[in-house]
Each structure stands twice: as structure tokens, then as C-alpha cells.
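These notes are about the structure you will find just below.
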Amino acid sequence: MYLSARGTGADMRAFAACLACVLLLAAALPAAAAAGEDDAGRYVVHWFNGDGVEVYFDGEYKGTIADTELVVAVDPAAPPAREYTVRKGERLMYTGFIERAPAAGETIDLFPQRYQVEQPAPGAEVNDTGWYLIYRADGEEIYFDDEFVGVVKGGTLRVAVNTTLPPPEEFVCRNEDRGTMSRHQLPPLPPRGGTVHVYTSVQSAPHFSVSATPNTSPLPAETAPTPLPGFGAAGAAAGLLIAGWRLQRR
């Protein structure tokens, strides 16, 4: 049995078309799979005062700071966490607020700041009272403009202020045994019904608390060369087609 030259040419054209389709399909499948690998968004929590502190999102443990930062991957379709906290053992070091979830493939940097303003909850009844929440070591006495306002317990002291009066200028932290510990300038008054979180143990943030990571490099990131996607699968399929064509000629 043999094939005519005309029949052989038609078979060759059909074989070439099938081979091209197989190569395109095998190359496209790994590329689509690779695209799906980067669907997660990421937060990078920066902490400049040493490693080993733990990070929580809405009370859920996410990891421990190493080399001054922690990367937290999130599902962009999930609702964003409201706040993140940094703890060292039982001590609450910092509470930051999260505005939104990152989009697929996006990185959002979370930086600690000297103070943050927490607005009242939507629909909450408010009056002229606002609060300062001071984060210090337990047992320290806090004074606003030399007026005693309370003792730190559980790592914080909440101080109510009248938002219609002139704001205090500074607060002083004192210890009964060691006298004055430190003196700090107070941030602006809280909004009506809101809270200003005041920290004394974090390094000033180089950016806003929540900011998209800018591309600071003038050149695209260097990547290692990769082989043609799907080449192994395409080669196997091509080999089967060639074997079938040879059997048909026989």
C-alpha cells in the first residue's frame, strides 16, 4: 500500500497544521498557569526597632518580623482586615489601621507612625469628647502639661479630652522609682468621638501608613532566562504525530 504524491502533500499539510496547534496549546497552558500563581496581593509590615515581634491582623497571627519586615499574602477577593497589631510577648507595641486590600499582584506597605487618628465608627453617637490612647510600659504615670491623667495598665492609657478646648502641648512619662522617664509633644486633638493613638517607641515612618509600593528602579527587574513554556509537552505530542504519520506511510 502506498500514498500518491498528491495525497502525501495533503497529509503533510494537515500534519503541519496539527503540529502547529499542538505547539501553541502546549506553550499557552504553562503561561496561563504561571499567571495564576501571582493572584495574591501582599502587605509588607515594616518594623524598625528590632526583629522577633509578632504581627496580627484583626487578632489573627500572621508571622514574626525578620530583617525589619514581614510579608503577608492575602486573597484580594477577601474583605480587608481593619487593623494590624505588633506585639512583643504580652506587650502591645503598636496598632495600625488598614484602609483597603491589595489588588492581585499589588504590594501595600504598612509603616508604623508616631501617631494615628482613628475616626469614630460610622453611625456612632458622638459629642465633644475625644481620646488620646497612650502606649507605654505598665506602671508609668502620665501627665498632660504637668497635670496627672492616669497610670498605664496593659500597655495603654486612655485619656478623654474636650475637643472644643485648647489642646495640651506635651505629655510626660514618670516612674515612681526613677522619676521622669521621657517627655513628648502631643499630636493634634482627636476628632469628636475619635481617638488619637500615640506611640513613643516606633521609628517615624518614611511614608504614609498605607501606600502602594512605587517602582523606584529606572530599569525593569532582571530575571533569569527561562526555556520555552511547554516545550517538553509539545515535543512529546510532536513525536506521537510523527510516529503516526510514518505508520500511515507504511
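So the values come out like this:
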{"item": "When residues of region 38-57 are limited to those that are assigned to a loop (DSSP other than H, G, I, E, B) and farther than 20 Å from residue 103 by Cβ, the one nearest to the chain's Cα centre (by Cα)", "result": "47"}
{"item": "Subset tally (residues that are among the aromatic types (Phe, Trp, Tyr), open to solvent by 50 Å² or more (accessible area, probe 1.4 Å) and farther than 21 Å from residue 154 by Cα) for region 58-116", "result": "0"}
{"item": "Residue match in region 163-185 (condition: within 21 Å of residue 60 (Cβ to Cβ) and either modelled with pLDDT of 90 or more or surrounded by 14 or more Cβ atoms within 10 Å (Cβ to Cβ) (or both))", "result": "no"}
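The values are calculated or read from the model by the stated rules, or taken from the named source; none is laboratory data. Just so it is clear, the model here is predicted, and its values are computed rather than measured. FYI the Cβ positions are ideal-geometry reconstructions off the backbone, even for glycines, and counts take in every protein chain you see. Only protein heavy atoms, including side chains, enter the accessible area calculation; ligands, DNA and RNA are left aside. Shrake-Rupley method; radii C 1.70, N 1.55, O 1.52, S 1.80 Å.
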